[in-house]
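Derivation of every value follows stated rules applied to the coordinates shown; laboratory data play no part. Predicted, not measured: the structure shown is a model, and the values here were computed from it. Please note: Cβ atoms are built from the backbone with ideal geometry, for glycine as well, and neighbour counts cover all protein chains shown.
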Amino acid sequence: MDWILTREAVITLAVLGAIPAVAASVLQMRGNISIMRAKQLNYVSYGLMTLSMVLFIVVGLRTQ
C-alpha cells in the first residue's frame, strides 16, 4: 500500500484527473456529448484530483 504514497502515484492521479476534464470540455464544445455527460466527466476529474491532493498532503505530513 506504500506505492500509493509515492510521488509518482500522486502525479499520475493528478494527470489522470486532468484528462477527463479536458475531454469533457473538448467533446462538449464539438457537440459530441451532452452537458450532463460533461458534468459527469468533470465530477470524475474532481474526484481524482481531490484524491491526488489528499495524498500529497498525507505524504507531506508523513515526511516531517
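Estimated purely from DSSP H runs of n ≥ 4, each contributing -39500 (n - 2.57), the mean residue ellipticity at 222 nm for the chain is -29000 deg cm²/dmol once divided by its residues.
Scattering from the chain was approximated by placing one identical point on each alpha carbon and applying the Debye formula without solvent; log10 I(q)/I(0) at 0.17, 0.29 1/Å stands at -0.60, -1.09.
So if R0 is 30 Å, what FRET efficiency would Thr50 and Ser25 give, r being the distance between their Cβ atoms, rounded to the nearest 0.05? E(calc), rounded to 0.05, equals 0.95. Footprinting exposure proxy ranking of Arg62, Arg37, fewest other C-beta atoms within 10 angstrom first, gives Arg62, Arg37.
Only Cα pairs under 8 Å and 6+ residues apart enter the sum, and on that basis the relative contact order of the chain stands at 45 percent.
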